[in-house]
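Since the structure comes first, as structure tokens, the remarks are kept for the end.
Where a number appears in this text, it was derived from the coordinates with a stated rule and is not lab data. Please read all numbers here as calculations on a predicted model, not as lab measurements. Cβ: placed from backbone, ideal geometry, glycine included. Neighbour counts: every protein chain shown.
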Amino acid sequence: MRLTVNGRTCQVDVAPDATLLSVLRDQLHLTGAKPACERGECGACTVLVADPDGRPEPVYSCLALAHSHENDSVTTIEGLSGKSGPHPVQAAFVEHDAVQCGFCTPGQVLAAVALLARDPEPSDDAIVRAMSGNLCRCGTYPKIIRAIHSAASAMRGSNGN
């Protein structure tokens, strides 16, 4: 099957029951998405899949069959940074110390990117709702909320708003 991951088109041999997570980790060696609950309850495996309009949508890669994403564009945490440096959400997570142990951070960051793509000025309630599928065992939720607000502000500023 063909899959575009982090802007690179890949041909992979995939078993019918292979998850997107297993293909990313085992075949493409992209280990940012973590196998944790493997039931879609924690968000550690979150990746972004472009919707038909090109907007990023968070997907639990542990539940997604790889074949269901043939020809889709997938972004993992490894593909989020650009040539100019970290994505504003990544930078804000570091700036606001929203990473404790770091295990959940890739999924948290990608979920936040998807949120800001659809809501560039989210309220605290909107952030809590959008991030509710991503658990942080260390409890850094207040810092995550601050980081998302900071990233939103930085992204609006870089767009000339």
**Message:** Around H149, under 13 Å between beta carbons, what's the net of Lys plus Arg minus Asp minus Glu among the other residues?
**Reply:** -2
**Request:** Can you check what the net charge comes to around A18, using other residues whose Cβ is under 12 Å from the Cβ of A18 (Lys, Arg +1; Asp, Glu -1)?
**Result:** -3
**Request:** Would you mind working out the magnitude of the charge dipole of the chain relative to its Cα centre, with +1 at each Lys and Arg C-beta and -1 at each Asp and Glu C-beta, to the nearest 20 Debye?
**Result:** 340 debye
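So for the chain, what are the equivalent ellipsoid semi-axes in whole Å, largest first, each being the square root of 5 times an eigenvalue of the Cα gyration tensor?
Details: eigenvalues 134, 61, 36 Å².
So the equivalent ellipsoid measures 26, 17, 13 Å along its semi-axes.
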**Prompt:** Computed on alpha carbon atoms, what radius of gyration and Dmax characterise the stretch 88-158, expressed in Å?
**Reply:** 10.7, 32
**Request:** Just order 115-125, 142-152 by mean Cβ neighbour count inside 10 Å, highest at the front, would you?
**Result:** 142-152, 115-125
**Prompt:** Between T31 and residues 5 or more places away or on another chain, which pairs have amide H atoms under 5 Å apart, with H built 1.01 Å from N, and which residues are they?
**Reply:** none
**Asked** Roughly how tilted is helix 141-158, in degrees to the nearest 10 and between 0 and 90, from the longest Cα axis of the chain?
**Response** 90 degrees
**Message:** Contact order normalised by length for the chain, with contacts defined as Cα pairs under 8 Å and 6 or more residues apart; what percent is it?
**Reply:** 25 percent
**Fill in**
Treating only Lys and Arg (+1) and Asp and Glu (-1) as charged, each at its beta carbon, one finds that the stretch 88-158 has a dipole about its Cα centre, in Debye to the nearest 20, of 120 debye
**Item:** All-pairs Cα distance distribution in the stretch 2-79, expressed in whole percent, bin size 5 Å
**Value:** 3, 17, 31, 29, 15, 4, 0
